[in-house]
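Input: a single structure, listed below in structure tokens.
The values are calculated or read from the model by the stated rules, or taken from the named source; none is laboratory data. Keep in mind it's a predicted model, so treat the numbers as computed, not measured. Ideal geometry is used to build each Cβ from the backbone, glycine not excepted, and the neighbour counts take in all protein chains shown. Please note that ligands, DNA and RNA were not included when accessible areas were found on the heavy atoms of the full protein model with its side chains. Shrake-Rupley method; radii C 1.70, N 1.55, O 1.52, S 1.80 Å.
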Amino acid sequence: MELYERKNYTMDINYLFNSYIREYDISKANINILLYKGIIDRESYNKLSLLSRMDRQVSIGYILKDESINKKFEEGLCEIRQRFMEQNSFYEEDILSIKNDAIYVINKLPMYISFGNVKFICKNTYTSFIKMNNLEIYYGLDRFNDREVIDIKGINDNKLELHKNYILNFLCDIMYYINIGKKEELDKYIHDMYMKYISKQLPIEYYRTFDSMSMYNVTVNGFRYGLNNITSTPEYYDIIDISYNAKIFSNLYSIVKSLN
């Protein structure tokens, strides 16, 4: 299978730092691919464009229920990915990941972004990437404007909000130290945070599992349960299972120690 044929792909690496990782998305991918493949005409395209995003998604969903149309649509996405990669001379080592209608390019800038009515836009620019525990972490630091962005593939936005000021903030701190080259400060920071974590000195929210479920694991009378919410009382600290996020701390520490 050629790389452009893959709808969901990630390069076989555990991390990438201090590189420009640009996310190129197809603008309004659904209706533009439908038009590109001749599934809809320009009049239908214009009508769909006027709908709200939700209504447009529903209407396109009905169109794509037809298996033959859906197959043609998927072929269109594949063709556009192929044209984007081949016309810009992007090779396997240049592509960090593919998420259907989005392509993450390492360090290179495309010369060609428009293919008929289909156009790629640079949605995000990241400077670091970590893959662990079925998650993909994309972090970007703009030092000139003192701005940072972090996206997690594998946890939906509603669940991610629960981690905002806790594990997510911790990850941002780790990435920030790596990006600015503060190795000694980073070593101390991650060690201190880990010791506080395993001794259960951090706010209870740090112990919510950093995964798609984002629950608290507790063990009572030898049985393990998942709870959506708990209070920060000594009773809950006593029964909470901290092993899942402890592995994240350990993995991050291993990555940091491997850096020169």
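Using a cut-off of 11 Å between beta-carbons, work out the net charge of the residues near I60 (Lys and Arg +1, Asp and Glu -1, I60 not included). Walk me through the numbers before you get to the answer.
Details: positive: K28, R53, R56, K65; negative: D55.
Combined, the nearby Lys, Arg, Asp and Glu give +3.
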Give the long-range amide H neighbours of K28: residues separated by 5 or more places, or on another chain, with amide H under 5 Å away, using H modelled in the peptide plane at 1.01 Å from N. none
Positive dipole terminus of the stretch 113-260, leading residue within M213, N251, T125 (C-beta point charges): T125
Only Lys, Arg (+1) and Asp, Glu (-1) charged, at Cβ; the stretch 136-260 dipole about Cα centre in debye: 220
Expected 222 nm ellipticity per residue - DSSP helices of 4 or more, -39500 (n - 2.57), all of the chain, to 500: -12500 deg cm²/dmol
Under 20 Å Cα-Cα from K188, which aspartates and glutamates qualify once same-chain neighbours fewer than 8 residues away are excluded? D173
With a cut-off of 8 Å between alpha carbons and a minimum separation of six or more residues, what is the relative contact order of the chain in percent? 19
Of all the Cα-Cα pairs you can form in the stretch 72-127, what percent are over 13 Å apart? 60
With S258 itself left out, Lys, Arg at +1 and Asp, Glu at -1 over residues whose Cβ is under 13 Å from its Cβ give +1
Can you tell me the accessible area per residue over the chain, all protein chains present, probe 1.4 angstrom, in square angstrom? 56
Shape metrics for the stretch 201-260, restricted to C-alpha atoms - Rg then Dmax, Å: 13.3, 46
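When N counts the residues of the stretch 28-83, how does its alpha-carbon radius of gyration compare numerically with 2.2 N^0.38 Å, as a ratio?
Numbers: Rg = 10.8 Å, N = 56, 2.2 N^0.38 = 10.2 Å.
Its radius of gyration relative to the 2.2 N^0.38 Å reference: 1.06.
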Rounding to the nearest 10 and keeping the result within 0 to 90°, find how far the Cα-based axis of helix 167-180 lies from the longest principal axis of the chain. 80
Calculate, in nm to one decimal, what L227 and Q201 gain on full extension: separation in residues at 0.36 nm each, minus their alpha carbon distance. 7.4 nm
Give me the distance in nm between label points sitting 7 Å out from Cα along the Cα-to-Cβ direction at E2 and E185, one decimal. 4.7
Taking the Cα centre as origin and putting +1 on Lys and Arg beta-carbons and -1 on Asp and Glu beta-carbons, what dipole magnitude results for the stretch 52-143, to the nearest 20 debye? 300
Calculated FRET efficiency for the pair K99/N46, C-beta based, R₀ 22 Å, to 0.05: 0.20
Residues whose modelled amide H sits under 5 Å from the amide H of D241, counting only those 5 or more places away in sequence or on another chain, are N217, V218, T219
Treating only the Cβ atoms of Lys and Arg (+1) and Asp and Glu (-1) as charged, compute the dipole magnitude of the stretch 165-219 about its Cα centre; round to the nearest 20 debye. 100
Between C172 and E75, the two model label points (7 Å from Cα along the beta-carbon direction) sit apart by a distance in nm of 4.6
Could you pull out the pairs from K108/K247; K99/K257; K7/K153; K71/K108 whose alpha carbons sit more than 22 Å apart here? K108/K247; K99/K257; K71/K108
In whole Å, what is the distance between the alpha-carbon centres of the stretch 178-256 and the stretch 9-32? 29
Summed side-chain charge close to L171 - residues other than L171 whose Cβ falls under 15 Å, Lys, Arg +1, Asp, Glu -1: -1
Near the amide H of N100, under 5 Å away, which other amide H atoms are found, from residues 5 or more places off or on another chain, if H is placed in the peptide plane? N8, Y9
